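Structure first, then comments.
Bear in mind these aren't lab numbers, they're just calculated from the coordinates by the rules spelled out. All values reported here derive from a predicted model rather than from experimental measurement. All Cβ positions, glycine included, derive from the backbone under ideal geometry; neighbour counts span all protein chains shown.
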Amino acid sequence: MLSKSVQSKLNDQIQKEAIASRAYLAMATWAEQQGLPNIANYFYNSSNEERDHMLQLFRYINANGGTAKLEEKGGKVKENFKNVQDAFKHVYDLEHGVSVAINEIATWCLQNGEHATYFFLQPFVLEQQAAENKVTEILTIIERMGFEPRNLFYLDKQFKKINETGAGE
Ligand SMILES: [Fe+2]
């Protein structure tokens, strides 16, 4: 049975994953409107991954005697970006925020003898590290290929390859 404090921390994380999932959907809409279908796909896939993280937390809480809950209040997500670089800088901030939150829960679990939840969180910790690395790599590609209107066709095409490897791998 999960302690009340662990449950409440994991439920807070559920809200963060849900907001991240919605933030990626808003970015997908933005990319579609810019005529960048492969970049839009990257955002759709990322949105799905965040929802999947949320579901894993739901299942873990409920399977261990707790009550998982997605709050109604979700917070506003960013819908407009200056350019592709600006959008991916936002992705970095988003992923970094999630990493900080996951690390804080893992640290708390370790310090408070919550070893099962600590182990449950390990794949999340590693996935966040991989996600941050991936976005850093993408920002380098964006800088090197350029993100002026005339570069966007090729930059978007590049995302076909990026999407094949998965957003957080
Ligand atoms: Fe996530």
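Below is a table of values for the structure above.
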item	result
Sparse-neighbour loop sites [GluC sites (Glu not before Pro); region 75-110; at most 14 other C-beta within 10 Å; DSSP]	Glu79
Fewest-first ranking of Phe147, Phe43, using other Cβ atoms within 10 Å as the exposure measure	Phe147, Phe43
Under-5 Å amide H pairs with Leu2, H placed in peptide plane, nonlocal only	Gly66
Ratio of the Cα radius of gyration of region 103-169 to 2.2 N^0.38 Å, where N counts its residues	1.61
From phi via Karplus (6.51, -1.76, 1.60), per-residue ³J(HN,Hα) for region 24-32 in Hz, x at Gly/Pro	5, 5, 4, 5, 5, 4, 4, 5, 4
222 nm mean residue ellipticity, helices alone, for the chain (DSSP H n ≥ 4; -39,500 (n - 2.57); rounded to 500)	-27000 deg cm²/dmol
Rounded to 10°, Cα long-axis angle of helix 84-111 versus longest principal axis of the chain	20 degrees
For region 35-50, Karplus couplings with θ = phi - 60° (6.51, -1.76, 1.60), whole Hz, Gly/Pro x	x, 10, x, 6, 5, 4, 4, 4, 5, 4, 4, 5, 4, 4, 4, 5
Whole-Å distance, taken between Cα centres, linking region 52-90 and region 8-49	8 Å
Residues Met145, Met27, Met54, Met1 arranged by fewest to most Cβ contacts within 10 Å	Met1, Met145, Met54, Met27
Kirkwood Rh and Cα Rg combined as Rg/Rh, the chain	1.02
